[in-house]
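A.B. asks: Pasting in a structure now, in structure tokens, and then I'll have a few things to ask.
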Amino acid sequence: MTVLFFCVLSLGFDAIAQTKLAPVDKSPLDMCYYPNNYPVLKIQNKATEPCAVRIIYSRPQKNGRQVYGELVEYGKVWRLGANEATELELYKDAKIGTNKVKKGRYTIYAIPYPDKWTLILNKETDIWGAFQYDEKKDILRTSIPVEKQQEPVEIFSMAFEKIDGGANLVIMWDDVKASVPFTF
Amino acid sequence: MIRKSLITLVLFIGILYLGCNQKAEPNPSRSPANSAPGANKEPTITVNIDKSPLDISYYPADYPQLKMSGNVKEPVVARLVYSRPKKDGRVIFGNVLKYGSRWRLGANEASEIEFFRDVTIQKKLIRKNRYVIYCIPYENKWTIILNNDLFTWGLKIDSTLDVYKFDIPVSKSQYAMEYFTMEFERQDTGVRLVMAWDTVKTMLPITY
């Protein structure tokens, strides 16, 4: 009986100890670099330019929902992901559109509209979502183009695409693709 | 234009399907060349979720939420960004991960720890900074290493940039942890970094 009691007890403790640690998130975190896959290029000695920027963001899924205009409301600040506010870190001074941005760690948000988005860079880092977003800490606000995609993208995705003189940050989810031009 | 995008998208999915399958393997003995297909193929839109998803741990735990709700009681001390490989029925330690071989404490990119203030680990002063954190697992101890080779893929961390090394004991649990997990837990004199995967659990005490 005592043995059984201790077995149950230790089982209980172990189960508690296990469940206390974080499960994998429903909207898992991911990161993207420019140059694309910089860490891989680096270990293969194939990096032809220094690491310029990194984004850490959570990836919500469409799951049959209408994303824009419903789940993500038009005209409201959105954290460009889920969970923690999305983070953009510049390892060198850069230009976003025509705006100069100093190297550093920032949070990045968007205000989506049907025909364009407003992109926001803010200096309050290590924060959750856009719930305490403070406009006074904005570094920049700029308008970015969006286009409709025929094939909806299930999982919110971001990646840099190389262009002349820099890179476009491509943001895709559902049937919308937004592009942010970076010059390094 | 749309057709072009579609073709590109299909290509991405193809590349990434291959990429993800190989990318997440936590085995440190894999050659880097095998582990990163797609590295030279631009652009790479990751439309799939990684098999070993990235995660983030703060001390204080859930610091961003505390900040949001106005409940921050102490300033942020540390942040860890790491990928979480899955056990998937495998025996991890001494098998998938060889004893005495370097392991990136996660998967994919090298795991990254940032201290927002100076801290002390095993009587050594650790300067406020960002480091790569990796490990050499043995049956009864882990060697935890802080390193300056940031923004690298975890299979090739330049050990000449090691800055601190700590040996910590290993404890065994009856139950297996499915996903590799790292979290900070509060202690009387600071915090400890708890690392758990399969039936192995280790703790790195950090004081400040």
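A.B. asks: Please compute the average number of Cβ atoms from other chains found within 10 Å of each residue's Cβ in peptide A:138-150.
C.D. replies: What the average comes to for A:138-150 is 1.
A.B. asks: Specify the angular offset, from 0 to 90 degrees and rounded to the nearest 10, of the alpha carbon long axis of helix A:2-20 from the longest principal axis of the alpha carbons in chain A.
C.D. replies: 10
A.B. asks: Can you sort A:C51, B:C135 so the residue with the fewest Cβ neighbours within 10 Å comes first?
C.D. replies: Values: A:C51 19, B:C135 23.
Lowest count first: A:C51, B:C135.
A.B. asks: At a 10 Å Cβ-Cβ cut-off, how would you order B:W142, A:W173, A:W78, fewest neighbours first?
C.D. replies: In order of increasing Cβ crowding within 10 Å: A:W78, B:W142, A:W173.
A.B. asks: May I ask you to derive the relative contact order of segment A:24-183, considering only C-alpha pairs under 8 Å and at least 6 residues apart, and to give it as an integer percent? Working shown, then result.
C.D. replies: On the way: 364 pairs, mean separation 32.8, N = 160.
Answer for segment A:24-183 is 21 percent.
A.B. asks: Another question, if that's okay. Taking other Cβ within 10 Å of each residue's Cβ, how do A:L41, B:L54, A:L80 sort, fewest first?
C.D. replies: Least crowded to most crowded, the residues run A:L41, B:L54, A:L80.
A.B. asks: Related question: Averaged across the residues of A:158-170, what count of C-beta atoms belonging to other chains lies within 10 Å of each residue's C-beta?
C.D. replies: 2
A.B. asks: Run the simple label-point estimate for B:Y99 and B:S69 please: 7 Å along Cα→C-beta, distance reported in nm.
C.D. replies: It works out to 4.4 nm between the two label points.
A.B. asks: Another question, then. Could you give each residue of segment B:132-147 its phi-based ³J(HN,Hα) in whole Hz, using Karplus coefficients 6.51, -1.76, 1.60 with θ = phi - 60°, and x for Gly or Pro?
C.D. replies: Going residue by residue, I get 7, 10, 9, 8, 10, x, 10, 5, 10, 8, 10, 9, 9, 10, 9, 9 Hz, with x marking Gly and Pro.
A.B. asks: If you don't mind, there's one more thing I want to ask. Here are some pairs, A:K42/A:K92; A:K116/B:K67; A:K76/B:K51; A:K62/A:K92; B:K73/B:K128; which of them have Cα atoms lying more than 27 Å apart in this structure?
C.D. replies: A:K116/B:K67; A:K76/B:K51; A:K62/A:K92
A.B. asks: Let me ask something else. Can you list the HN-Hα couplings for segment B:165-175, worked out from phi with the Karplus curve (6.51, -1.76, 1.60; θ = phi - 60°), rounded to whole Hz and with x for Gly and Pro?
C.D. replies: 10, 9, 9, 10, x, 10, 10, 9, 10, 6, 10
Taken together, the values in this text are just the output of simple stated rules run on the coordinates, not laboratory data. If you're wondering where the values come from, they're calculated on a predicted model, not measured in any experiment. Note that we place each Cβ from the backbone using ideal geometry, even for glycine, and neighbour counts take in every protein chain shown.
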